[in-house]
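This report concerns only the one structure given below.
What follows is calculated from the coordinates using simple rules that are stated; it is not laboratory data. Fair warning: this is a prediction, and the values are worked out from it, not measured in the lab. Heads up, the Cβs are rebuilt from the backbone with ideal geometry, glycines too, and the neighbour counts pull from every protein chain shown.
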Amino acid sequence: MSDLNNTRIAILATHGFEQSELEVPLEKLKAAGATVHVVSPDAGEIKGWDEKDWGRAVSVDVTLGEAKPADYDALVLPGGQINPDILRVNEDALAFVKAIYDAGKVVAAICHAPWLLVETGIAKGRKMTSYPSVKTDVINAGGLWEDSAVVTDKGLVTSRNPGDLDAFCKKIVEEINEGRHDRKAA
């Protein structure tokens, strides 16, 4: 992976995140040199979901109330069913996602996390993918859904499931390295 030194990335999650969809980007982005913070409405630790049961806890670095979108160069949104469903009704979480996106920074969402892109209006007019059960929500929100391992649209990176994590992480790094994207002109 390319050099991400001097890059700060937030991973926004809460209890019930898909284990691999938080841990793999966390490890790969750190390995590429980025400073990565797990941001959550909850302090302390949040517990993952590992396929069919509760998984391991992950330490929260910064609470959502303390996190400032201006401090980050990119945002990663892991999926799982529980995590994005909780976050999509949290006004502070939605405001955080929208502020990072509106600043022209990379926003990456995998699996069920595109629900947050639907709730914030980000999906409208954007090429994207998601877990198959979220497809209709994306389309109804005006998103241009496609069944691909990774879909990128002007700094918006989306993937379908844990099987796409390598392509997802690689594309996040590429998009960060390409710099800011002017979405308002699109």
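Aspartates and glutamates near Lys170 by alpha-carbon distance under 14 Å, same-chain residues fewer than 8 away left out - which ones?
Result set, ordered by chain and number: Asp3, Glu21, Glu27, Glu178.
Give the calculated FRET efficiency between Lys30 and Glu91 to the nearest 0.05, with a Förster radius of 22 Å applied to their Cβ-Cβ distance.
The pair Lys30/Glu91 has a calculated efficiency of 0.15.
Could you pull out every residue, at least 5 positions away or on a different chain, whose amide H is within less than 5 Å of the one on Tyr131? Hs are placed 1.01 Å off N in the peptide plane, and Pro or chain starts have none.
The list, which skips near neighbours in sequence, is Cys111, His112.
When Lys and Arg each count +1 and Asp and Glu each count -1, what net charge do the other residues less than 9 Å away from Gly142, Cβ to Cβ, add up to?
That works out to +2.
What percent antiparallel are the DSSP beta bridges of the chain, to the nearest 5?
Roughly 30 percent of the DSSP beta bridges within the chain come out antiparallel.
Given the rule -39500 (n - 2.57) for each run of at least 4 DSSP H residues, summed and divided by the residues of the chain, what is its mean residue ellipticity at 222 nm, to the nearest 500 deg cm²/dmol?
Value at 222 nm, helices only: -9000 deg cm²/dmol.
If you place +1 on the Cβ of every Lys and Arg and -1 on the Cβ of every Asp and Glu, how big does the dipole about the Cα centre of the stretch 8-178 come out, in debye to the nearest 20?
Rounded to the nearest 20 debye, it is 360 debye.
Would you mind ranking Tyr131, Tyr101, Tyr72 so that the residue whose beta carbon has the fewest other beta carbons within 10 Å leads the list?
Sorted ascending by nearby Cβ count, the order is Tyr131, Tyr101, Tyr72.
How large is the charge dipole for the stretch 26-81, taken about the Cα centre, if only the Cβ atoms of Lys, Arg (+1) and Asp, Glu (-1) carry charge, to the nearest 20 debye?
100
For Glu178 and Ala103 in the same chain, what is the full-extension length gain: residue separation times 0.36 nm, less their Cα-Cα distance, in nm?
Extending this stretch completely gives an extra 25.5 nm.
List the lysines whose Cα sits under 16 Å from the Cα of Lys105, skipping any in the same chain fewer than 8 residues away.
Result set, ordered by chain and number: Lys68, Lys154, Lys171, Lys184.
As a footprinting exposure proxy, order Cys111, Cys169 by other Cβ within 10 Å, with the fewest listed first.
Exposure proxy ranking, most exposed first: Cys169, Cys111.
Once you've got the Cα coordinates, tell me which of Lys52/Lys135; Lys47/Lys124; Lys47/Lys127; Lys28/Lys52 are over 29 Å apart.
Among Lys52/Lys135; Lys47/Lys124; Lys47/Lys127; Lys28/Lys52, the Cα-Cα distance tops 29 Å for Lys47/Lys124; Lys47/Lys127.
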